[in-house]
Amino acid sequence: MPEGQQIPHHGEAIVLRTWPFHEADLLVSLFTREQGRVKGVARHAMKSRKRFGGALEPATHVRAHYTEKPKQELVRLDSFEILWSPLAAPVDALRLAGMQLVVEVLEEAMPELAVEDNVFRLAMTVLQGIGPRAEGQGVWLPVTYFCLWMNRLMGWWPELGHCAACGLDLRGEAVLWSPAADGVTCKDDRRPGSHILSAESVAESYRMGRSSLAELAGEDWPKKRAADLRAFAVGVLERHLERRIRSAAGLVSS
């Protein structure tokens, strides 16, 4: 940035999180399509709704207008226009938890100023698949799809066809995974605290890896379908993030 020059930005963003900041300001974390994750200050946002309205709700898709200032880590948030809102219609607690999981993972996984258009498009597809007025979809498929694909895009998804310890061919079989170790194993090399990932769910993971969410959405996805795959995908995320995903508690079967 040239010395002293302020650079305006105008583009799509997903609101991830807000915090009180100073007296009436809010600190806002955004995942922008143009710059990746950025943080900025919304001046007087706690007193006046004129510039931001309901656009500061987490998971809201906005057109963000903000200014990057020299020698300052925080941008100045000028105004937002809502493109899609999780509050467009009433939403139940389960769908709300699903959307919270998406924004929590983005907040924790994405480095600041790392542009990831594939992650942005994945997040918007899943949020709209979970959110209000999502036709014909429950929460279980979009959440499982997001966790699996987020791992793939971050380079964290393990190879499921062979034992990480002995190299045994596990294709077509159930595998075991541990929250404390990478990869999957055969029964003979199971690690302490291991969980089973069924052969059916391994096959589901391959389908999700080559299919769009829309292609899968026409099927019936009750909570029990691929529940072990969902738990595995969340476990892989938590291992690489080195923290628990709080919003996943009510979405992962034990």
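Straight-distance candidates among the lysines for linking to K224, with alpha-carbon spacing under 26 Å and chain neighbours fewer than 8 residues away dropped: K187. The lysines whose alpha-carbon is closer than 17 Å to the alpha-carbon of K71, local same-chain residues fewer than 8 away aside, are K39. Mean sequence separation of contacting Cα pairs (under 8 Å, at least six apart), scaled by the length of the chain, corresponds to a relative contact order of 16 percent. Taking every alpha-carbon pair in region 1-108 and binning the separations at 10 Å intervals from zero gives 15, 47, 31, 6, 1 percent.
Largest GNM mean-square fluctuation among S29, S211, S178, using the chain with Cα springs under 10 Å: S211. Computed over region 98-142, the convex hull of the alpha-carbon atoms projects to a mean area of 3.3 nm².
Annotation: Cα Rg of region 126-198 relative to the compact-globule expectation 2.2 N^0.38 Å equals 1.37.
Rounded to the nearest 20, the Cβ-based charge dipole of the chain about its Cα centre (Lys and Arg +1, Asp and Glu -1) stands at 620 debye.
Think of the chain as having a plus end and a minus end, set by charges on the Cβ of Lys, Arg, Asp and Glu; of P70, S201, S178, P70 sits farthest toward the positive end of this dipole.
To one decimal place, what Kirkwood hydrodynamic radius in Å is obtained for the chain from all pairs of distinct Cα atoms?
Roughly 19.5 Å, rounded to one decimal.
Taking the C-alpha atoms only, the angle from helix 227-241 to the longest principal axis of the chain is near 60 degrees.
Sites count as exposed loop sites when they are GluC sites (Glu not before Pro), lie in a DSSP loop, and have at most 11 other Cβ atoms within 10 angstrom; the longest stretch of the chain without one is 74-134.
At a probe radius of 1.4 angstrom, the accessible area of region 21-149 per residue rounds to 45 square angstrom.
Putting +1 on Lys and Arg Cβ atoms and -1 on Asp and Glu Cβ atoms, find which of A114, A233, Q5 reaches farthest to the positive end of the dipole of the chain. The listed residue farthest towards the positive side: Q5.
Build a GNM of the chain with springs between Cα atoms under 10 Å apart, and of V115, V236, V103 the one that fluctuates most is V115. Taking Cα atoms only, the orientation of helix 199-210 departs from the longest principal axis of the chain by about 40 degrees.
Of the residues P111, P192, P142, the one that moves most in a GNM of the chain with alpha-carbon contacts below 10 Å is P192. Of the accessible area of the chain, computed with a 1.4 Å probe over protein heavy atoms only, carbon and sulfur atoms account for 50 percent.
The values are calculated or read from the model by the stated rules, or taken from the named source; none is laboratory data. Quick caveat: nothing in here was measured; it's all calculated off a predicted structure. FYI the Cβ positions are ideal-geometry reconstructions off the backbone, even for glycines, and counts take in every protein chain you see. We work out accessible area using only protein heavy atoms, side chains counted, and drop any ligands, DNA or RNA first. Shrake-Rupley method; radii C 1.70, N 1.55, O 1.52, S 1.80 Å.
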